[in-house]
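**Student:** Attaching a single structure in structure tokens format; questions to follow.
The values are calculated or read from the model by the stated rules, or taken from the named source; none is laboratory data. Computed from a predicted structure; not experimentally measured. Cβ placement follows ideal geometry from the backbone for every residue including glycine, while neighbour counts extend to all protein chains displayed.
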Amino acid sequence: MKFNKKICLGIESTAHTFGVGIVDFEGKVYSIVNDIYVPEKGGLHPVQVKEQHVNHFYEVIEKALSEANFSIRDIDLIAFSQSPGLGPVLKIGALVARMISQILKIPIVGVNHCVAHIEIGRLMCNVEDPLTLYVSGGNTIVSAFESSRYQIFGETLDLPIGNMIDSFARDAGLSHPGGPKIEKLALTSTKYLSLPYVVKGMDLSFSGLYTAAKKLIESKDFGVKYSLNDVSNSVQETCFAMLTEVTERALAHTEKTEVLLTGGVAANKRLQEMIEYISNEHNAKFAAVPLKFAGDNGAMIGWTGILRYKLEGGHEISETNIKPKERMDQITIPWRS
Ligand code: ATP
Ligand code: FE2
């Protein structure tokens, strides 16, 4: 018997994760399944990630359907991450989505990945109109909804925050992803070593901080005058203070009454504590996206696809080409206007 609610299958494929989420049109999530590419060493190589996604997409879809107790024939809508991301990797998700849409003759919707991080946060945290700090491996963005778009108030000028922390962790001999390991190490240190703090207007720069932190662990004083725990603590305190400063200024400027922390780095308890502190100072409600939905996942793509579909219907197949460089402030958000 066909399920009586409409169902969307969302596909995330912008970087390391090939993720599938099954969501209904009222926002209930039935399953989230991820296959994550982990590089043996170094950063993400788009061709290797693409190979992994090509080899695993079918089992991820099958598992997501079986965990949700649906068959592929129950799906009413297919959504996929259309932008931004690594071109060869985005193409796999787009191809799989187009294939399913054409075989099953169901509508298809392309989704901006950054918007999806915000929308899943609004859904899961029950916030309406937040100032959002979106921090992940590939993005560092302070944004809020204004004039039909998610406007960007501040962003990184060079390295994204998660990428910077992961690179430092890799230099320190820690495996990917480094973020959670650095957080754990930092917990046992109260020592602060001075590192470059670079905020330019509303934008941030982390490359000087990264180089200085790397120098600290290569120095002859490392392991003598200070430990990896101390450097980890100093890296976190510096970069999170920079994020907090910019978020606070955007909050004062926009006068929003909610603050949302999202993206993979939102899992960090110290960052949560700092952003919660300034939210309280401005009498704004603070919410961090639950861990399961903070990192890349197909449910956020599915839910954002549903929001657009309800207002505008599906995309034509000719409109489903990938847009690796599309910024989230380039697109309108009709469901909020
Ligand atoms: P995007 O494509 O949106 O940039 P992404 O591909 O980086 O996202 P996410 O799953 O959103 O994927 O984020 C992964 C990042 O989150 C990694 O850099 C990882 O180190 C970081 N991270 C995860 N947990 C923590 C933590 N506890 N503290 C700091 N960073 C963390
Ligand atoms: Fe992401």
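**Student:** Evaluate the stretch 312-326: report whether one residue or more is over 27 Å from LEU243 (Cβ atoms) and crowded, with 24+ Cβ neighbours inside 10 Å.
**Tutor:** yes
**Student:** I'm checking my understanding of the structure. Among residues of the stretch 169-219 that are assigned to a helix (DSSP H, G or I) and basic (Lys, Arg), which one is farthest from the chain's Cα centre (by Cα)?
**Tutor:** The extreme case among them is LYS215.
**Student:** Let me confirm something: among GLU155, GLU119, which residue is more than 14 Å from ASP296 (Cα to Cα) and either under 15 Å from the mean Cα position of the chain (by Cα) or not in a loop (DSSP other than H, G, I, E, B) (or both)?
**Tutor:** On the way: GLU119 fails: more than 14 Å from ASP296 (Cα to Cα).
The unique qualifying residue is GLU155.
**Student:** Moving on to the next point. So, in the stretch 161-178, of the ones that are of a type outside the set (S, T, N, Q) and within 16 Å of ligand 2 (Cβ to nearest atom), which residue ends up farthest from LEU243 (Cα to Cα)? Break it down into steps so the answer makes sense when it comes.
**Tutor:** Kept after step one, since they are of a type outside the set (S, T, N, Q), are these residues of the stretch 161-178: 161-162, 164-166, 168-174, 176-178.
In the following step, the residues that additionally are within 16 Å of ligand 2 (Cβ to nearest atom) were identified as 161-162, 164-166, 176-177.
Details: ILE161: 9, GLY162: 12, MET164: 13, ILE165: 14, ASP166: 17, HIS176: 23, PRO177: 20 Å.
Here the residue is HIS176.
**Student:** If SER143 satisfies all but one of (1) away from ligand 2 (no atom under 15 Å from the Cβ); (2) buried (at least 23 other Cβ atoms within 10 Å of the Cβ); (3) outside the structural domain of GLY313 (by TED's automatic domain parsing), what's the number of the condition it fails?
**Tutor:** Exception for SER143: condition (1).
Table: residues versus (1) within 14 Å of ligand 2 (Cβ to nearest atom); (2) assigned to a helix (DSSP H, G or I); (3) over 24 Å from the mean Cα position of the chain (by Cα).
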position: GLU276; (1), (2), (3): no, yes, no
position: SER279; (1), (2), (3): no, yes, no
position: ASN283; (1), (2), (3): no, no, yes
position: PHE293; (1), (2), (3): yes, yes, no
position: ASP296; (1), (2), (3): yes, no, no
position: ILE301; (1), (2), (3): yes, yes, no
position: THR304; (1), (2), (3): yes, yes, no
position: ARG308; (1), (2), (3): no, yes, no
position: SER318; (1), (2), (3): no, yes, yes
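**Student:** Sticking with this one: Quick one: in the stretch 102-123, which of the residues that are in contact (Cβ under 8 Å) with a residue 12 or more places away in the chain and surrounded by fewer than 22 Cβ atoms within 10 Å (Cβ to Cβ) is farthest from GLY27 (Cα to Cα)?
**Tutor:** Here the residue is GLN102.
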